[in-house]
Amino acid sequence: MKEYHKALLRWYDNEGRVLPWRARGEQTINPYHVWLSEIMLQQTTVVTVIPYFLSFIQRWPTFQQLAEASLDDILHAWQGLGYYARARNLHLCAKKIALDYTGKLPISSDELIKLPGIGPYTAKAIAAIAFNEHVLPVDGNIARILSRIYAISTPLPNGMPEIQSAATAFTPQTRPGDFAQAMMDLGATVCIPRTPSCEKCPFQPTCKAHSLGIAAELPLKNKKKTRPQKYAVAYILKREDGGILLRKRPDKGLLGGMMGVPTSEWQVKKMEGKDIGRDAPFITHWKSLKSPIHHSFTHFDLEVEPYYASICTKEAKILEGEWVLPHQLNLYALPKLFKKIIETSLNQLSPIDVV
Ligand code: SF4
């Protein structure tokens, strides 16, 4: 092993973050914990994930128990973590592992990648951390470190293949799982964007970007394209007793299978005039609540205009969906978008409208 590998592992043993899914010292690695944490950490910060991770392992301590849970319970426990497709895939994956793999994760990244919710990065991260496979998962943090160590100046994402091949050459055969976690920690705490703390870094003697004085500038990135904008109308339909109509969204697509207020199709053109009621759950006069809600997804921004109408109990009976009183809304696993829509809308309704 090269001197700088040893230096990083020494640094990790002394300075690495203590995280509830990590085995330290004499502890044995629990692959279920590694898998669960890696799925939760996709697009989510460590600080946010910790309480969810702890509550999941307490409630469902094994693949088998998670596989036997209901999807609704899982979605409810996932509430607030966002990107709900992960929760659905988590359940599918647990069921597959319980049924097809006798409750044990396959140990290679080539097998792991075949499971629901596991992409190339997650497969490598699990295989390295849980099973010591000789691979280095390259996320944004690790890409930054490697681009600096090798002074790779091709802007991202085009520079990614160069960084990936550097990763393969860079990973030691000894303790590859700890090495991957050490790189994750170094990227999160020392080799950070804009102001790297090179004086604390075990790679300093070998880092090209540091010796050239360009560390803070790397990695270079292609200019961001502006995200496409989409528009929708949300229908807040209130029954005489104050109940609000919620419907389950179609299983496929964004927020698939989640509960929410009915919306129009999400489209690139803003709906106007008589088009407003086109996708409404009920034909009536819909009143605008004026303040649009803005929400960003990974690939587009959404502007939702809430519209409001009331309905008598008799007419409400024929509509498909669930009528939920405002104080019962927290019993439902509502995605952030729908929470925002409902909260903003209820705040705008006059006290006469709110029962
Ligand atoms: Fe990053 Fe500085 Fe360490 Fe190089 S020396 S890897 S730029 S922290």
Exercise. Which FRET efficiency, nearest 0.05, do Lys274 and Asn158 yield, Cβ-Cβ r, R0 56 Å?
Worked result: 0.75
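Quick one: what do you get for segment 143-280 if you divide its Cα Rg by 2.2 N^0.38 Å? Could the numbers behind the result be given before it?
Details: Rg = 24.6 Å, N = 138, 2.2 N^0.38 = 14.3 Å.
That ratio works out to 1.72.
Please give the calculated 222 nm ellipticity per residue for the chain, where each DSSP H segment of at least 4 residues contributes -39500 (n - 2.57) and the sum is spread over every residue; nearest 500 deg cm²/dmol? Please list the in-between numbers first.
Values: 14 runs with 141 residues, N = 355.
Taken over the chain, the calculation gives -11500 deg cm²/dmol.
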Problem set entry | 20 Å binning of all Cα-Cα separations within the chain, expressed as whole percents from 0 upward | 25, 46, 26, 3
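Using the crude model of +1 on Lys and Arg Cβ and -1 on Asp and Glu Cβ, and no other charge, please compute the dipole size for segment 142-245 relative to its Cα centre, in debye to 20.
Working: 14 positive and 7 negative charges, 95 e Å.
Taking the Cα centre of segment 142-245 as origin, the dipole is about 460 debye.
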Exercise. Once you put a point 7 Å from the Cα of His76 and another 7 Å from the Cα of Thr45, both along the Cβ direction, what distance in nm separates them?
Worked result: 2.9
For this session: Among Met184, Pro172, Ala232, flag the residue with its Cα farthest along the positive direction of the charge dipole of the chain, charges on Cβ as +1 for Lys/Arg and -1 for Asp/Glu.
Result: Ala232
Problem set entry | Environment charge of Ile293, counting only residues whose C-beta is closer than 12 Å and scoring Lys/Arg +1, Asp/Glu -1 | 0
Exercise. log₁₀ I(q)/I(0) of segment 215-327 at q = 0.10, 0.11, 0.14, 0.19 Å⁻¹, via Debye over equal Cα point scatterers, no solvent, to two decimals?
Worked result: -0.37, -0.44, -0.64, -1.05
Problem set entry | Dipole in debye (nearest 20) - segment 220-349, about Cα centre, beta carbon charges: Lys, Arg +1; Asp, Glu -1 | 680
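Taking 8 Å as the Cα distance limit and 6 or more residues as the minimum spacing, I'd like the relative contact order of the chain as a percentage. If you can, show how the numbers build up before the last one.
Values: 530 pairs, mean separation 54.3, N = 355.
Contact order relative to length: 15 percent.
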Seminar exercise, completed: Tilt, helix 85-100 to longest principal axis of the chain (alpha-carbon atoms), in degrees rounded to tens, equals 70
Seminar exercise, completed: Under the Karplus relation with 6.51, -1.76 and 1.60 and θ = phi - 60°, whole-Hz ³J(HN,Hα) for segment 288-293, x at Gly and Pro, equal 6, 9, 6, 7, x, 9
Exercise. Quick one: Cα centre-to-centre distance for segment 269-293 and segment 1-75, in angstrom?
Worked result: 45
Problem set entry | Cα radius of gyration and Dmax for segment 1-100 (Å) | 15.7, 50
Exercise. Relative to the Cα centre, what is the charge dipole magnitude of the chain, using +1 at the beta carbon of each Lys and Arg, -1 at the beta carbon of each Asp and Glu, and rounding to the nearest 20 debye?
Worked result: 640
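Coordinate-derived values only; no laboratory data. The structure displayed is predicted, hence computed values, not measured ones. Reconstructed Cβ throughout: ideal geometry from the backbone, glycine too, with neighbour counts over all protein chains shown.
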